[in-house]
Amino acid sequence: GHPVLVVSDRNGALNAGSMVNFLMESGHVRFEVSLLAARQAGLLISSDLLAVAEHVKTGDGRAQPLCAPLAGQRTDCARRVAIR
């Protein structure tokens with residue numbers, strides 16, 4: 001009866017229902033998040049966590065900005081992409 005966070009480390013795992021999926025990219029560990037799967041399980045994902053995710057699957061068909069630079073700071077958002 002409690003929400004369960006599903007974490008995986010396989011390509012395509014978000015499409016299979018995982019909520020957080022770890023990836024290896026250029027020798028670095030990265031992760032992607034499925035907001036859709038988390039919402040369906042009754043879980044909320046922190047905006048701090050989403051800001052550093054490599055990809056965020058929103059499930060609503062809209063690409064949403066995942067990060068924005070604070071005044072006077074440069075933020076590299078080019079690699080963060082919202083995917084359906």
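The values are calculated or read from the model by the stated rules, or taken from the named source; none is laboratory data. Computed from a predicted model, the values in this text were never measured in an experiment. All Cβ positions, glycine included, derive from the backbone under ideal geometry; neighbour counts span all protein chains shown. Side chains included, ligands, DNA and RNA excluded: accessible areas come from the protein's heavy atoms. Shrake-Rupley method; radii C 1.70, N 1.55, O 1.52, S 1.80 Å.
So for the stretch 40-59 (the condition being at pLDDT 90 or above, open to solvent by 50 Å² or more (accessible area, probe 1.4 Å) and of a type in the set (K, R)), does at least one residue qualify?
Scanning the stretch 40-59 turns up no residue that is at pLDDT 90 or above, open to solvent by 50 Å² or more (accessible area, probe 1.4 Å) and of a type in the set (K, R).
Return yes or no: is V33 open to solvent by less than 70 Å² (accessible area, probe 1.4 Å), closer than 14 Å to V4 by Cα and without any contact (Cβ under 8 Å) to a residue 60 or more places away in the chain?
When the stated conditions are applied, V33 does not pass them.
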